[in-house]
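Visitor: Below you'll find the structure I mean.
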Amino acid sequence: MIPKNTICLWYDRDALEAATFYAETFPDSSVDAVHHAPGDFPDGQQGDVLTVDFTVMGIACMGLNGGPAFKHSEAFSFQVATDNQAETDRLWDAIVGNGGHESECGWCKDKWGVSWQITPRALTDAWTDPDRAAAKRAFDAMMTMRKIDIATIEAARRG
């Protein structure tokens, strides 16, 4: 059954490679269907992979091999809530280590340009702390980081 709402991500030609990486990296993720073009199109030929239906952590997505006209930006990102440092490290390292690159405050991009926020739940708890001084200390610590270090965030929160 086709979901009522699906996130469509535009790729140059690598939708299947990206979907396969996501399925291998993130829990509750899969490649669900591969659809080939029934005819030639501006950036491909009949028989080329045109779209890929996939799931990322339970979210229905479609990858469209639309050619080089459009690029991903930070205006869209997947935010992944992690439970501990090991999970944070594993996901961050998988994305960055597979041709991606680091950014600030827990953000990184995969090799296809899709942005990811690898966000420990401990960070969200810290910067939303009702003790605004504790929240600010944690927030200030986060602002100095690329990959989030939970121990440093918790120490800053405690003061």
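The values are calculated or read from the model by the stated rules, or taken from the named source; none is laboratory data. Note that this is a predicted model, so its numbers are computed, not measured. Positions of Cβ are generated from backbone atoms using ideal geometry, with glycine treated the same way; all protein chains shown enter the neighbour counts. Calculation scope for accessible area: heavy atoms of the full protein, side chains included, ligands and nucleic acids excluded. Shrake-Rupley method; radii C 1.70, N 1.55, O 1.52, S 1.80 Å.
Visitor: So, with +1 on the Cβ of K and R and -1 on the Cβ of D and E, and no other charges, what is the size of the charge dipole of region 50-159 about its Cα centre, to the nearest 20 debye? Present the calculation step by step, with values, prior to reporting the outcome.
Guide: Values: 12 positive and 15 negative charges, 43 e Å.
The dipole of region 50-159 has a size of about 200 debye.
Visitor: To one decimal place, what Kirkwood hydrodynamic radius in Å is obtained for region 57-146 from all pairs of distinct Cα atoms?
Guide: Working: mean 1/r = 0.0693 Å⁻¹.
Mean inverse Cα-Cα distance, inverted, gives 14.4 Å.
Visitor: Now for a separate question. In bins 5 Å wide, starting from 0, what share of all Cα pairs of region 102-159 does each bin hold, as a percent?
Guide: Distribution as computed: 4, 23, 29, 20, 12, 7, 4, 1 percent.
Visitor: Also, I was wondering about something else. For the chain, set up a Gaussian network in which alpha carbons nearer than 10 Å are linked by springs, and say which option among Asp14, Asp53, Asp40 fluctuates the most.
Guide: Asp40
Visitor: Oh, and also: Keeping every protein chain present and rolling a 1.4 Å probe, give me the accessible area per residue for the chain in Å². Don't skip to the end; give the middle numbers.
Guide: Values: 8660 Å² over 159 residues.
So the chain comes to 54 Å² accessible per residue, rounded to a whole number.
Visitor: So, one more: Report, to the nearest whole %, how much of the accessible area of region 65-104 belongs to carbon and sulfur atoms, 1.4 Å probe, protein only. Present the calculation step by step, with values, prior to reporting the outcome.
Guide: Numbers: 1130 of 2200 Å².
So the carbon and sulfur contribution to the accessible surface is 51 percent.
Visitor: Which of the GluC sites (Glu not before Pro) across region 5-97 are loop residues per DSSP, with 13 or fewer other Cβ within 10 Å? Can you show the working numbers first?
Guide: Values: sites: Glu17, Glu24, Glu74, Glu87; in loops: Glu74.
Sites meeting the loop and neighbour criteria: Glu74.
Visitor: A follow-up question, please. How large is Rg/Rh for the chain, to two decimals, with Cα atoms and a Kirkwood Rh?
Guide: On the way: Rg = 18.2 Å, Rh = 17.0 Å.
With Rh from the inverse mean 1/r over Cα pairs, Rg/Rh is 1.07.
Visitor: For every helix of n ≥ 4 consecutive DSSP H residues, a contribution of -39,500 (n - 2.57) applies; sum these over the chain, divide by its total residues, and give [θ] at 222 nm rounded to the nearest 500 deg cm²/dmol.
Guide: On the way: 5 runs with 51 residues, N = 159.
The helix-only estimate for the chain comes to -9500 deg cm²/dmol at 222 nm.
Visitor: Sticking with this structure for a sec: Sorted by mean Cβ packing within 10 Å, highest first, what order do the peptides 135-146, 109-120 take?
Guide: Working: 135-146: 16.7, 109-120: 20.3.
Highest to lowest by the protection proxy: 109-120, 135-146.
Visitor: Give me a comma-separated list of calculated 3J(HN,Hα) values for region 129-144, in order, Karplus coefficients 6.51, -1.76, 1.60 applied at θ = phi - 60°, integers in Hz, x for any Gly or Pro.
Guide: Here the 3J(HN,Hα) series is 4, x, 6, 5, 5, 5, 4, 5, 4, 5, 4, 4, 5, 4, 4, 8 Hz.
Visitor: Once both axes come from the Cα atoms, what is the angle between helix 85-97 and the longest principal axis of the chain, in degrees from 0 to 90, rounded to 10?
Guide: Taking Cα atoms only, the helix is inclined about 40 degrees.
Visitor: Next question, about the same structure. How much FRET efficiency would the formula 1/(1 + (r/R0)^6) give for Glu154 and Cys105, where r is the Cβ-Cβ distance and R0 is 22 Å, rounded to 0.05?
Guide: Numbers: r = 16 Å, r/R0 = 0.75.
Efficiency computed from Cβ-Cβ geometry: 0.85.
Visitor: May I pose another question? If you plug each phi of region 14-22 into the Karplus form 6.51 cos²θ - 1.76 cosθ + 1.60 with θ = phi - 60°, what whole-Hz ³J(HN,Hα) values come out, in order, with x for Gly and Pro?
Guide: After applying 6.51 cos²θ - 1.76 cosθ + 1.60, I find 10, 4, 5, 4, 5, 4, 5, 4, 4 Hz.
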